[in-house]
Amino acid sequence: MTEPHDILFRTLADPTRRALFERLCREGEKTVGALTAQAGVSQPVVSKHLSLLKQAGLVRDRHEGRQTHYSAQLGALAPLVDWTGQMARFWETRFDDLENLLRRMDQ
Amino acid sequence: MNTETRTVVVEREIAHPPEKLWRALTQPHLIAEWLMRNDFAPVVGHRFTLSGDWGSVECDVLTVEHGKTLTYTWNHAHADPAFDLRSVVSFTLTPTGSGTLLRMEQTGFRPEQKQAFGGARHGWEQHLTNLERVLAGLD
């Protein structure tokens with residue numbers, strides 16, 4: 001039985017792929033060339049890793065002229081990321097709105 | 001039964017007195033302004049629903065200590081067990097010199113979680129922690 005988790009785990013198990021993905025998360029959309037410049041491996045190897053990331057739904061590609069731009073798809077991680085992290089961010093945002101409300105209640 | 005629980009704590013110093021904060025936490029029209037639409041009532045045993053654009057959360061009031069503590073269940077049912085969450089949310093208000101320390105503690109578990117993480121084998125916890133750190137930095 002193949003769980004949706006399995007493909008994500010398998011895809012991110014490779015350190016080079018994980019590094020590419022984390023970089024796209026941190027720095028936003030990048031071309032294959034820009035990713036290759038810092039990956040420490042050749043462009044065909046980077047392209048191969050990107051295609052596997054794409055199959056797993058972790059990145060999306062966008063063609064513009066002769067360039068292909070890749071960006072991270074954070075939604076694909078939802079099944080893996082611990083709910084506590086999501087909820088902490090949820091409550092921080094809600095508390096921002098709560099403080100806004102309290103300020104308005106003064107008036 | 002999987003009894004593995006996790007807790008998330010969010011604390012904030014609020015520059016308003018506990019009494020006023022309590023109103024924002026317990027009056028439905030005020031709750032709607034910062035949390036979600038709801039049919040809340042500050043009565044132990046009262047069942048209510050928090051409704052957001054993305055779905056709803058089923059709640060049961062567990063504790064009401066006026067101006068100090070409010071506790072309710074926070075159950076988010078989802079067909080995909082990875083998103084299914086059974087938890088308890090508690091708000092604690094502590095007066096400070098200039099306002100109130102608001103502490104939100106949410107304790108719960110996802111039935112699927114243990115299976116998904118495979119008991120933290122293969123160092124996955126670490127990878128996921130790193131990813132969470134990356135994601136947290138994006139906000």
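The values are calculated or read from the model by the stated rules, or taken from the named source; none is laboratory data. Remember, it's a predicted structure, so these values are computed and weren't measured experimentally. Here the Cβ positions follow ideal geometry from the backbone for every residue, glycine too, while neighbour counts run over all protein chains shown.
Observations on the structure shown:
Listed here are the residues, each with its yes/no results for (1) surrounded by 16 or more Cβ atoms within 10 Å (Cβ to Cβ); (2) in contact (Cβ under 8 Å) with a residue 12 or more places away in the chain; (3) in contact with a Ser or Thr (Cβ under 8 Å, 6 or more places away or on another chain).
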{"residue": "B:V8", "(1), (2), (3)": "yes, yes, yes"}
{"residue": "B:E11", "(1), (2), (3)": "no, yes, no"}
{"residue": "B:W22", "(1), (2), (3)": "yes, yes, no"}
{"residue": "B:T26", "(1), (2), (3)": "yes, yes, no"}
{"residue": "B:G45", "(1), (2), (3)": "no, yes, no"}
{"residue": "B:S51", "(1), (2), (3)": "no, yes, no"}
{"residue": "B:G55", "(1), (2), (3)": "no, yes, no"}
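- Test: residue in the stretch A:75-82 that is small (G, A, S), free of Cβ contacts under 8 Å to residues at least 60 places away in the same chain and touching a helix residue (DSSP H, G or I) at 6+ places or on another chain (Cβ under 9 Å): yes
- The residue pairs whose first member lies in the stretch B:85-110 and is closer than 17 Å to B:T73 by Cβ and modelled with pLDDT of 95 or more, whose second member is among the basic types (K, R) and not in a loop (DSSP other than H, G, I, E, B), and whose beta carbons are closer than 6 Å, counting only pairs six or more residues apart or on different chains, are B:T92/B:R103.
- Only one of A:E99, A:E27 that is farther than 30 Å from B:W74 by Cα, among the acidic types (D, E) and within 11 Å of chain B (Cβ to nearest Cβ): A:E27
- In the stretch A:40-48 there is at least one residue that is hydrophobic (A, V, I, L, M, F, W, C), touching a Ser or Thr at 6+ places or on another chain (Cβ under 7 Å) and free of Cβ contacts under 8 Å to residues at least 60 places away in the same chain.
- Out of A:Q43, A:Q86, sole residue that is at pLDDT 85 or above, more than 14 Å from the chain's Cα centre (by Cα) and not hydroxyl-bearing (S, T, Y): A:Q43
- For the stretch A:49-66, the tally of residues that are over 14 Å from A:F21 (Cβ atoms) and free of Cβ contacts under 8 Å to residues at least 24 places away in the same chain stands at 4.
- Elements of the type strands (runs of 3 or more DSSP E) sitting completely within the stretch B:1-69 and holding at least 2 residues that are under 17 Å from the mean Cα position of the chain (by Cα) and within 8 Å of chain A (Cβ to nearest Cβ): these cover B:6-14.
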